[in-house]
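To start, the structure under review is shown below, and the notes come after it.
The values are calculated or read from the model by the stated rules, or taken from the named source; none is laboratory data. Only a predicted model underlies this, so the values are computations on that prediction, with no experimental measurement involved. Here the Cβ positions follow ideal geometry from the backbone for every residue, glycine too, while neighbour counts run over all protein chains shown. We work out accessible area using only protein heavy atoms, side chains counted, and drop any ligands, DNA or RNA first. Shrake-Rupley method; radii C 1.70, N 1.55, O 1.52, S 1.80 Å.
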Amino acid sequence: MANKGTLLITGGAGYIGSHTVKHLLSLGERIVVLDNLVFGHVEALPLDRVTFVQGDMSDAALMERLFAEHAPEAVLHFAAFAFVGESVTDPLKYYRNNLAAPLVLLEAMQRHGCQRFIFSSTCATYGNPVQVPMNEDHPQAPVNPYGASKWMLERVLRDCEVAWGLKSVFLRYFNASGCDPAGEIGEDHEPETHLIPRILMAAKGEIDQITVFGTDYPTPDGTCIRDYIHVCDLASAHALALEYLRAGGATTPVNLGTGRGFSVKEILQTAETVTGKVIPVSYGPRRAGDPPELICDPAKAKAVLGWEAQFKDPRSHIEAAWKWMTGPRGGRYSVISDQ
Ligand code: UDP
């Protein structure tokens, strides 16, 4: 293929980044991963098949060296902090890491003429939904510093397009979940706050119970509805976004979800079926900032990228996550080390 060069993947040792690395390697891509390993796991990477650089994108000298040495054709940018609650109590940490640090990376891209950027954005840039399903024209009014930091970087990227021709795809993820179906890599966050892994931790007895945050939402069973998008579907969307930019596509946002919503109670019931266990549950108050319903309109992803979710039923996400959590690593990279 014309113009197929090295890819620089920031945060490639993280949850979504590592699944995308695995997918892009299967497509024959050449990859340099940059990760500071604050949350990433080097064990999630096949070190014989990627160039791994431990470091931070805010390190200007390192960025200069990386671009001089590898001349990447495109950057896939995953590296970010993503705890919504923490972003409210420590906003500067989020603006520094999610907004200021990528500016140093972008400066190196500009200096070296690297003009393709695939950005891990989020439906949190929309804030509270004014209608569902949500398409890319939905107003963007983020309600927490995490969403705001991603939204601001989108704005920066648009300005870079005007100034020096950078082309970006803003991939606005809904609720990422699931794992590599082969069970080789998976989700390992510390702390873990997400619904599906916490339910499975309760099923394994790693935590006493799962607390359902709110049962009085205006939804059919009173619990929140989310659009769960499988991490392998996110990975394939990145590959298609890369092809879109290689074909000369302009800067554009693209929502990534299935178009179908499931309630917290539905996810719990499915997890009981998959694990064959009765999962201890308690019912608590609402979590601040949770909208009742978030559902993606994925029409643009299909029209622009030719992408459609393959794992539409969250049962398949839970099955893969359970396989990872009950496999040799027990859901933690630290459990066994690479030989
Ligand atoms: N949730 C819950 N208990 C938990 C974790 C999450 O009831 O221990 C709910 C949460 O309120 C939301 C849904 O599960 O309605 C998905 O939350 P998650 O944190 O996985 O993703 P988010 O929607 O914050 O991106």
Worksheet, complete the sentence: Within region 95-114, restricting to residues that are touching a Cys at 6+ places or on another chain (Cβ under 9 Å) and without any contact (Cβ under 8 Å) to a residue 60 or more places away in the chain, the one that is surrounded by the fewest Cβ atoms within 10 Å (Cβ to Cβ) is Gln110
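Just to be sure, is Glu136 touching a strand residue (DSSP E or B) at 6+ places or on another chain (Cβ under 7 Å), within 30 Å of Pro91 (Cβ to Cβ), part of a loop (DSSP other than H, G, I, E, B) and open to solvent by 20 Å² or more (accessible area, probe 1.4 Å)?
Working: touching a strand residue (DSSP E or B) at 6+ places or on another chain (Cβ under 7 Å): yes; within 30 Å of Pro91 (Cβ to Cβ): yes; part of a loop (DSSP other than H, G, I, E, B): yes; open to solvent by 20 Å² or more (accessible area, probe 1.4 Å): yes.
The answer is yes for Glu136.
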Practice prompt. Six or more apart or on different chains, Cβ under 8 Å: which pairs go from a residue in region 13-29 that's over 19 Å from Ser121 (Cβ atoms) to one that's acidic (Asp, Glu) and modelled with pLDDT under 95? Could you list them?
Written response: Lys22/Glu184
Worksheet item: Would you pick out the residues in region 50-87 that are of a type in the set (Val, Ile, Thr) and at pLDDT 95 or above?
Response: Val50, Thr51, Val53, Val75
Discussion item. Looking at His19, His23, can you tell me which residue is within 20 Å of the chain's Cα centre (by Cα) and surrounded by 23 or more Cβ atoms within 10 Å (Cβ to Cβ)?
Written reply: His19
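Where in region 185-273 are there strands (runs of 3 or more DSSP E), lying fully within it, with 1 or more residues that are more than 12 Å from the ligand (Cβ to nearest atom)? Spell out the reasoning first.
Numbers: elements: 210-213, 228-230, 252-256.
Hits in region 185-273: 228-230, 252-256.
Scanning region 268-284 for residues that are of a type in the set (Ser, Thr, Tyr) and in contact with a helix residue (DSSP H, G or I) (Cβ under 8 Å, 6 or more places away or on another chain), which turns out nearest to Gly205 (Cα to Cα)?
From region 268-284, those of a type in the set (Ser, Thr, Tyr) are 270, 273, 275, 282-283; that's our starting set.
When the remaining residues are screened for being in contact with a helix residue (DSSP H, G or I) (Cβ under 8 Å, 6 or more places away or on another chain), the result is 270, 273, 275.
Details: Thr270: 18, Thr273: 16, Thr275: 12 Å.
This residue is Thr275.
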Worksheet item: Restricting the search to region 148-184, which residues are away from the ligand (no atom under 16 Å from the Cβ) and outside any helix (DSSP H, G or I)?
Response: Gly165, Leu166, Lys167, Ser168, Val169, Phe170, Asp180, Pro181, Ala182, Gly183, Glu184
Discussion item. Within region 53-94, take every residue that is without any contact (Cβ under 8 Å) to a residue 40 or more places away in the chain and in a loop (DSSP other than H, G, I, E, B) and give me the one that is nearest to the ligand (Cβ to nearest atom).
Written reply: Asp90
Item to complete: All but one of (1) modelled with pLDDT of 95 or more; (2) buried (at least 16 other Cβ atoms within 10 Å of the Cβ); (3) not hydroxyl-bearing (Ser, Thr, Tyr) hold for Trp164, so report the exception by its number.
Response: (2)
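With respect to Val304, is the statement that it is assigned to a helix (DSSP H, G or I) and touching a residue at least 12 places away in the same chain (Cβ under 8 Å) true? Steps first, answer last, please.
Numbers: assigned to a helix (DSSP H, G or I): yes; touching a residue at least 12 places away in the same chain (Cβ under 8 Å): yes.
When the stated conditions are applied, Val304 passes them.
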